[in-house]
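K.L.:
One structure is given below, represented as structure tokens, and several questions about it will come after.
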Amino acid sequence: MAHAFCARLGVGIRLAVAAATATLTMMTARAEPDHAAERARMVAEIEAMYAETRAETGLASMSAAVRAAMGRVERHRLVPAAQASLAYRNHPLPIGSGQTISQPYIVALSTDLIDPQPGQRVLDVGTGSGYQAAVLAEIVQQVYSIEIVEALATTARRALAALGYRNVAVRTGDGYLGWPEHAPFDGIVVAAAAPRVPQALVDQLRPGGKMVIPIGAETGIQYLVLVTRRADGGIDERRVLPVRFVPLVPGAERAAPQR
Ligand SMILES: C[S@@+](CC[C@H](N)C(=O)[O-])C[C@H]1O[C@@H](n2cnc3c(N)ncnc32)[C@H](O)[C@@H]1O
């Protein structure tokens, strides 16, 4: 199955140059990878992408909280061992089951767009590797994360526990339906594309809460969309960036009846 990109489009050349530079630096500097230094380089690359995309996103730079979280989360411990040496490249990587860990820039941007604060409770749809959940868990009080592929949910739950994240709950299920038992959420991050904003997720946002979600067809144009729930229950939507994500696939409860 083809791997999805979950990435900002149109930055291939810049990323290839950055990746080659990072590889040369690693080869000349040391035999053992210094993950803190690699993370710092990755954070600097993400900052450069924020500056490049400022006009579209409205964000000139990472917030201090997101920058610190991106500098702390051990991405190399959330990807398969075969991908660990590539973990601090600013691009998606395969994680098994035909899925990917999202590009770090997209994870940082999605986190900043919902403006997470200490003490808050957020929903993460599409756990994948658990990386987005870990970044959120560095900032907020509690993260609820839903993954439809059981094998991925199990691996992510174990990896997050091994990293010491006690404020992330992971469950297998259809994230399109949210996690109503823990609603309302202050923020929601969705890492798979839906044709339109799911009403169940809007219903689980508190008034003033923000959701970031890729909207569009699997093979067509998709945009990362920022949704803000108004006090009257309606929503405001803003297109942020063109992106490419895997689809938010329907679980058993949403699937069409089979004959
Ligand atoms: C781009 S990957 C997620 C990356 C992830 N946030 C990370 O940090 O590694 C998208 C994930 O969404 C999951 N997914 C797709 N449809 C889903 C659904 N209806 N409910 C929950 N997860 C879903 C996929 O299985 C996949 O793991």
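K.L.:
Can you confirm whether Val79 is touching an Asp or Glu at 6+ places or on another chain (Cβ under 9 Å) and open to solvent by less than 40 Å² (accessible area, probe 1.4 Å)? Talk me through it step by step, then tell me what you get.
P.N.:
Numbers: touching an Asp or Glu at 6+ places or on another chain (Cβ under 9 Å): no; open to solvent by less than 40 Å² (accessible area, probe 1.4 Å): yes.
No; evaluated as a whole, the condition is false for this residue.
K.L.:
Could you grab me the full set of residues in the stretch 116-137 that are part of a strand (DSSP E or B) and either near the ligand (Cβ under 10 Å from one of its atoms) or open to solvent by 10 Å² or more (accessible area, probe 1.4 Å) (or both)? Give the derivation first.
P.N.:
Just the residues of the stretch 116-137 that are part of a strand (DSSP E or B), to begin with: 121-125.
Correct list: Arg121, Asp124, Val125.
K.L.:
Would you pick out the residues in the stretch 217-251 that are among the basic types (Lys, Arg) and loosely packed, with under 13 Cβ neighbours inside 10 Å?
P.N.:
So the first thing to find is which residues in the stretch 217-251 are among the basic types (Lys, Arg), and the list is 229-230, 238-239, 244.
Within the stretch 217-251, Arg230, Arg239 qualify.
K.L.:
Next question. Can you tell which of Val225, Val189 is in contact with a helix residue (DSSP H, G or I) (Cβ under 6 Å, 6 or more places away or on another chain), part of a strand (DSSP E or B) and under 24 Å from Val135 (Cβ atoms)? Quick ask: steps written out before the conclusion?
P.N.:
Numbers: Val225 fails: in contact with a helix residue (DSSP H, G or I) (Cβ under 6 Å, 6 or more places away or on another chain).
Answer to the check: Val189.
K.L.:
Still on this model: If you scan the stretch 138-151, which residues turn out to be open to solvent by 10 Å² or more (accessible area, probe 1.4 Å) and within 14 Å of the ligand (Cβ to nearest atom)?
P.N.:
Glu138, Tyr144, Glu147, Ile148, Val149, Glu150, Ala151
K.L.:
Taking into account only those residues within the stretch 70-89 that are in contact (Cβ under 8 Å) with a residue 60 or more places away in the chain and away from the ligand (no atom under 14 Å from the Cβ), which is nearest to Ala36 (Cα to Cα)? Steps first, answer last, please.
P.N.:
Taking the stretch 70-89 as the starting set, the residues that turn out to be in contact (Cβ under 8 Å) with a residue 60 or more places away in the chain are 70, 72-74, 77-78, 88-89.
Next cut, away from the ligand (no atom under 14 Å from the Cβ) only: 72, 88-89.
Working: Arg72: 8, Tyr88: 10, Arg89: 13 Å.
By that ranking, first place goes to Arg72.
K.L.:
Something else now. Kindly provide the set of residues from the stretch 193-216 that are open to solvent by 10 Å² or more (accessible area, probe 1.4 Å) and either among the basic types (Lys, Arg) or touching a Phe, Trp or Tyr at 6+ places or on another chain (Cβ under 8 Å) (or both), ordered by number.
P.N.:
Keep residues of the stretch 193-216 that are open to solvent by 10 Å² or more (accessible area, probe 1.4 Å), which gives 195-197, 199-200, 203-204, 206-208, 210, 215-216.
Listed by number, the residues that qualify are Arg196, Ala200, Gln204, Arg206, Lys210, Ile215, Gly216.
K.L.:
Among (1) open to solvent by 10 Å² or more (accessible area, probe 1.4 Å); (2) near the ligand (Cβ under 7 Å from one of its atoms), there is one condition Ile101 misses while meeting the rest; what is its number?
P.N.:
The single condition Ile101 does not satisfy is (1).
K.L.:
Another question, if that's okay. Collect the residues in the stretch 152-161 that are among the β-branched types (Val, Ile, Thr) and either surrounded by fewer than 22 Cβ atoms within 10 Å (Cβ to Cβ) or outside any helix (DSSP H, G or I) (or both), keeping them in residue-number order.
P.N.:
Filtering the stretch 152-161 down to residues among the β-branched types (Val, Ile, Thr) leaves 154-155.
The answer is Thr154, and nothing else.
The values are calculated or read from the model by the stated rules, or taken from the named source; none is laboratory data. This one's a predicted model, so the numbers in the text were calculated from it and none came from an experiment. For neighbour counting, all protein chains shown are included, and Cβ atoms are generated from backbone atoms with ideal geometry for every residue, glycine included. Remember, those area values only see protein heavy atoms, side chains included, never the ligands or the DNA or RNA. Shrake-Rupley method; radii C 1.70, N 1.55, O 1.52, S 1.80 Å.
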